[in-house]
Amino acid sequence: MKEYLQVANQPMMWLMVLPAIIVVLAQVFFIAKRAFATAEEVEMTKEESRKAFRIGFVSGIGPALSVFIVMVAMIAVLGGPITWLRTVIIGAASTELTAATFGAEAMGVEFGSPEYGITEYANSILAMVLNGSGWLIICGLFTDKLGVIQDKIAGGNTALYGIIGSAAITAAFSFLLSDHLRAGGGSALTAVISGLTMVVIMRICKKYPKLEELSLGIAMVIGMAVSAIVFPQ
Amino acid sequence: MEKNIDQTYNQKFTIPVIRIGRISMFIATLACFVPSIYLAIRYGARPPIGAILAGWGLTAAVYAPFYFIEPISYFPVLGIAGTYMSFLAGEIGNMRLPCAAVAQSVLKVEEGTKKSELVGTLAIAGSVVTSVIAGTLSVFVGSFILNVLPASVLRAFDFVLPAVFGSMFAIKAPKFGVYALALVLILKIFTPLPVFAILPLTVFSTIAFGIFEHKKKNSKGAEK
């Protein structure tokens, strides 16, 4: 194993990553607590609150698979602890690997080459962390101001809030979907099959509401399975 | 009466969440540097400041526009609490947005209401817990699991993202889907615009389109 990877995978490195992971969980804990406590003000039952949290938890399982394989690839070059850090804190694999590469280049060596040692590795980590800080700091400072701007646009009109929200989310999913449609082949087929399955599930759910919570998972698995059969490697 | 609910809601939710959000983002930023400090002290791995700035600068040249574009573009969906959680934990398009949208659709909340904000917040919170568990499992047993899975299952994993986005688009399409998807495809295929311009352009023009349609419908209703 390369020298820097021995350092990267040391038990102490796991410990050094832990504080950031704890902050993520603590933030969610405190915000969720506020949300549970405020639910009654908007005529939301305890059961509905718990259901909302549970649906988020369950619906996240399918999409989490997308993180899985790239993480294994990242571990090979960055070690376990830093991969853990950069996956749990904002950052996609592509972003992190780009930053790691630039960090190495700034030291005048190629990422992962024999010259890539501990100091170069440290510079890769700093490039990742400093880049990630951009989102954390901007959101930390300005999120509440975005709320003020949105209030001004909608002017307390609930119908408008609804339109702004649903238009924005439709646009976001269109944006995210577009590249997969353009890629054609298995990607486009998966998107179409999963989409159609979702429409069918939503129909069926009118009779069997229990199914709704699993809708995303079911639609995903069917689309992925069909494509894996039609387009084997 | 309406005013009172708004005030209580602010007092009980929005104001405390902003405080939690600010503090947690600040502490998280610092916490991310802990491994670097450890490497510097324990192994003397201290890159020269010039190299640190160069590595950061090269990376920021690619990603800095997104520091601003993404929070602004996704805010109308995520809300205040959702934005703090999503931009700390990441995986916004593939996990936070779908989980919030599924929960809001299953619980049939009216879009744009405070209730829908709380449902979205709780769903995002739940999805972050899933992320942390999944990320932790992947780190510890990921390679082992990849070795035991058959090739056909691994092949299916290639299609996780189109499966998420295809499903979510289907839920959201009926209202503005045709307009938004056509616009994105036109912008991506026929213009040289960079991604950081296309995302906000799509989001805000779809919002404008939605508001325009709404006003048109309302004025028609008024004429009758």
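General remarks:
- Test result for B:F169, buried (at least 17 other Cβ atoms within 10 Å of the Cβ), touching a Leu at 6+ places or on another chain (Cβ under 9 Å), over 20 Å from B:L78 (Cβ atoms) and in contact (Cβ under 8 Å) with a residue 12 or more places away in the chain: no
- Any hit, the range A:1-21, residues being farther than 17 Å from A:G91 by Cβ and within 18 Å of the chain's Cα centre (by Cα): no
- The range A:63-99: number of residues that are touching a Leu at 6+ places or on another chain (Cβ under 6 Å) and more than 7 Å from every other protein chain (Cβ to nearest Cβ): 1
- Listed here are the helices (runs of 4 or more DSSP H) enclosed by the range B:1-104 that have at least 2 residues being crowded, with 18+ Cβ neighbours inside 10 Å and more than 7 Å from chain A (Cβ to nearest Cβ): B:49-89.
- For the criterion of being over 24 Å from A:S166 (Cα atoms), loosely packed, with under 14 Cβ neighbours inside 10 Å and within 8 Å of chain A (Cβ to nearest Cβ), B:L193 fails.
- Sole exception among (1) more than 9 Å from every other protein chain (Cβ to nearest Cβ); (2) basic (K, R); (3) in contact with a helix residue (DSSP H, G or I) (Cβ under 6 Å, 6 or more places away or on another chain) for B:K217, by number: (3)
- Condition check for A:T170: more than 30 Å from A:Q6 (Cα to Cα) and surrounded by 24 or more Cβ atoms within 10 Å (Cβ to Cβ): yes
- Search result, residues across the range B:106-157 that are more than 7 Å from chain A (Cβ to nearest Cβ) and either in contact (Cβ under 8 Å) with a residue 40 or more places away in the chain or outside any helix (DSSP H, G or I) (or both): B:K108, B:V109, B:G120, B:L149, B:P150
- Being under 29 Å from B:L88 (Cα atoms) and hydrophobic (A, V, I, L, M, F, W, C) is a property that does not hold for A:A188.
- Just one of the listed residues (A:I137, A:I75) is of a type in the set (A, V, I, L, M) and either under 30 Å from A:S215 (Cα atoms) or modelled with pLDDT of 90 or more (or both), namely A:I137.
- When A:V192 is tested against (1) in contact with a Gly (Cβ under 7 Å, 6 or more places away or on another chain); (2) at pLDDT 85 or above; (3) crowded, with 20+ Cβ neighbours inside 10 Å, just one condition goes unmet, and that condition is (3).
- Of the numbered criteria (1) out of contact with any Leu (no Cβ under 8 Å at 6 or more places or on another chain); (2) under 24 Å from A:A100 (Cβ atoms), the one B:S36 fails is (1).
- Some residue of the range A:132-148 being more than 20 Å from the chain's Cα centre (by Cα) and either on the phi > 0 side of the Ramachandran plot or surrounded by 24 or more Cβ atoms within 10 Å (Cβ to Cβ) (or both): no
- Annotation: of all residues in the range B:173-203 being modelled with pLDDT under 85 and in contact with a helix residue (DSSP H, G or I) (Cβ under 8 Å, 6 or more places away or on another chain), the one that is farthest from A:S66 (Cα to Cα) is B:K175.
- Top-ranked residue of the range A:195-221 - restricted to ones that are within 8 Å of chain B (Cβ to nearest Cβ) and of a type in the set (D, E, K, R), ranked as surrounded by the most Cβ atoms within 10 Å (Cβ to Cβ): A:E212
- Helices (runs of 4 or more DSSP H) contained entirely in the range A:11-105, each with at least 3 residues that are of a type in the set (G, A, S): A:11-38, A:46-59, A:61-78
The values are calculated or read from the model by the stated rules, or taken from the named source; none is laboratory data. Just so you know, these numbers come straight off a predicted model, no measurement behind them. Positions of Cβ are generated from backbone atoms using ideal geometry, with glycine treated the same way; all protein chains shown enter the neighbour counts.
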